[in-house]
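In what follows, a structure is listed as structure tokens, so that the remarks can point back to it.
The values are calculated or read from the model by the stated rules, or taken from the named source; none is laboratory data. Everything numeric here is computed off the predicted structure, so don't read it as measured data. Using ideal geometry, Cβ is built from the backbone for each residue, glycine included, and neighbour counts are taken over all protein chains shown. Only protein heavy atoms, including side chains, enter the accessible area calculation; ligands, DNA and RNA are left aside. Shrake-Rupley method; radii C 1.70, N 1.55, O 1.52, S 1.80 Å.
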Amino acid sequence: MWSVLCLTAASTRAHNGGFFPPTTGWVPVLGNWSLPVLSPENGTWEHTAVQEPQVMYIPELQLMRMWYRGAGWGFAAGVGVADSSDGGRTWQKYRGNPIWGGEGRPATERAGQPWVYRERPTTYWLYTTYSNAHSATASASMQIATSSDGLNWTNVAVGRVPLPRGSVVNGTMFGNRAVWKEAEGTWHMLQECGTSDGVWEVFLYAGTSATSWVVANEGLPLRSLQRHAGSMFGGCHIATVDGVYTPRDSAGLYNIWYHAGANGNLPTDIYHANSPDLITWTVTPSTPVVSHRGTGAGFAYDQVADPSPVVVGDMAYLAYDGDDNRKGVATHAAIGMAVAKATPAGSSTSAFGQGGPARTMTPPSCTTALNCSLFGE
């Protein structure tokens, strides 16, 4: 178990000193980039894929919890949960999986591209995409559900989020998203959409509540995130720090981790970017944070995607999915985990430059013996 500062008031904050995920220095938590930490169990509801992880530290449980999507690739998607208490090296899947969607579940449980926002310890929101491949409007509606524990969910809204209709491009289907509520009560969503351009792109949404949304930025895609002309960008995530969603750094800039394509929709690599206004983004560094392997078979062959950055004490973790999109493979997607030393506020090597004074943290250096050994301590 980690010795951590217990933060039971979740919601969102701007970074106020302490630690933040770095942009460089990541190493695989298992010591090898070809090894996932969570794989699908073929023959179960997961079939050939687990993907789209979202990980955060749960202070009252003193563990990291992952929500992830299982199945797809011709099978009904479901949402699963897994927990880790050893720094992301091993994960225990929840025996009640899938907690939402999956084969044989009601059509109202739509489980593609899950995002969980923990507004407070007893209020969770789940945003998913309707992904029934047999419907002509399958990917054109979003599901919103709520829960008091992150495990048992009740549907509250379907199809109330509009697709972008802009002067440059139109959205045709929903993909991955990041949703959060600012401390002053404003809701934001960075929503990936399939577009009339034939690639996935990210759009900004504004919300007046967890369930009421409009397209912002005049429906224009956030193309400063695009890495190669005519190629996709999506899968945005914001960081959580000691169990709190922390979209902004100590300099007040928004930070995201996301994936972007090099030639259309595939292959993809993971990048980091920051912005003062959620509209104009600077990709820093300009090169990938984590790259697809591009060789061999299986994990991360042609895609690393959907990065989920987490800070616990002075250690940072990055969950992501590694995909092999070729037909007929035994495993289409599994989940990897990287680890790095978290960056203190004000560090010259930080993602956000000079910040406020570092706050005193309860966790000791390196947190776990495993992660200390990765960094030679």
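What does the extension gain come out to for T122 and L266, with contour length at 0.36 nm per residue minus their alpha carbon separation?
Values: separation 144, 0.36 × 144 = 51.84 nm, distance 3.88 nm.
Separation in residues times 0.36 nm, less the Cα-Cα distance, equals 48.0 nm.
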* Asked: Roughly what would the spin-label model give for T280 and R160, points 7 Å off Cα along C-beta, in nm?
  -> 3.5
* Counting each DSSP H run of 4 or more residues in the chain as -39500 (n - 2.57), what helix-only mean residue ellipticity at 222 nm follows after dividing by all residues, to the nearest 500 deg cm²/dmol? -> -500 deg cm²/dmol
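Based on the alpha-carbon gyration tensor of segment 37-160 and its eigenvalue square roots a ≥ b ≥ c, which shape applies: rounded if a/c is under 1.5, prolate if not and a/b is larger than b/c, or oblate?
Details: a/c = 2.25, a/b = 1.27, b/c = 1.77.
Verdict is oblate for segment 37-160.
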* Structure fact -> Applying the gyration tensor rule to the Cα atoms of the chain (axes a ≥ b ≥ c; rounded if a/c under 1.5, else prolate if a/b exceeds b/c, else oblate), the class is rounded
* State the percentage of accessible surface on the chain attributable to carbon and sulfur atoms; use a 1.4 Å probe and exclude ligands, DNA and RNA. => 51
* Per residue, how many Å² of accessible area does the chain show with a 1.4 Å probe? -> 36
* Accessible surface of K181 - all protein chains present, 1.4 Å probe, nearest 10 Å² -> 50
* **Gained length - V214 relative to H228, 0.36 nm times residue gap less alpha-carbon distance** => 2.2 nm
* Asked: Among H259, H188, H272, which one shows the biggest mean-square fluctuation in a GNM of the chain, springs joining Cα atoms closer than 10 Å?
  -> H188
* Structure fact -> Ranked by GNM mean-square fluctuation in the chain (Cα springs under 10 Å), the top entry among D323, D249, D197 is D197
* Structure fact -> Yeah, segment 198-282 with a ≥ b ≥ c from its alpha-carbon gyration tensor (a/c under 1.5 is rounded, else prolate when a/b outruns b/c, oblate otherwise) is oblate
* Could you work out the relative contact order of the chain, using alpha carbon pairs under 8 angstrom and six or more residues apart, expressed as a whole percent? => 21
* Structure fact -> Computed about the Cα centre, the charge dipole of segment 155-230 from +1 Lys/Arg and -1 Asp/Glu charges at the Cβ has a magnitude in debye, to the nearest 20, of 100
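If you put +1 on each Lys and Arg Cβ and -1 on each Asp and Glu Cβ, how big is the dipole of the chain around its Cα centre, in Debye rounded to 20? Working shown, then result.
Details: 22 positive and 27 negative charges, 41 e Å.
I would put it at about 200 debye.
How much length would be gained if the chain were fully extended between E182 and S34, taking 0.36 nm per residue of separation minus their Cα-Cα distance, in nm to one decimal?
Details: separation 148, 0.36 × 148 = 53.28 nm, distance 3.70 nm.
Answer, rounded to one decimal: 49.6 nm.
Restricting to Cα pairs below 8 Å that are 6+ residues apart, what does the relative contact order work out to for segment 128-234? Please round to a whole percent. Walk me through the numbers before you get to the answer.
On the way: 222 pairs, mean separation 21.0, N = 107.
Relative contact order here is 20 percent.
What is the magnitude of the charge dipole of segment 180-292 about its Cα centre, with +1 placed on the Cβ of each Lys and Arg, -1 on the Cβ of each Asp and Glu, and no other charges, expressed in debye to the nearest 20? Let's see the in-between values first.
On the way: 4 positive and 10 negative charges, 26 e Å.
Roughly 120 debye for segment 180-292.
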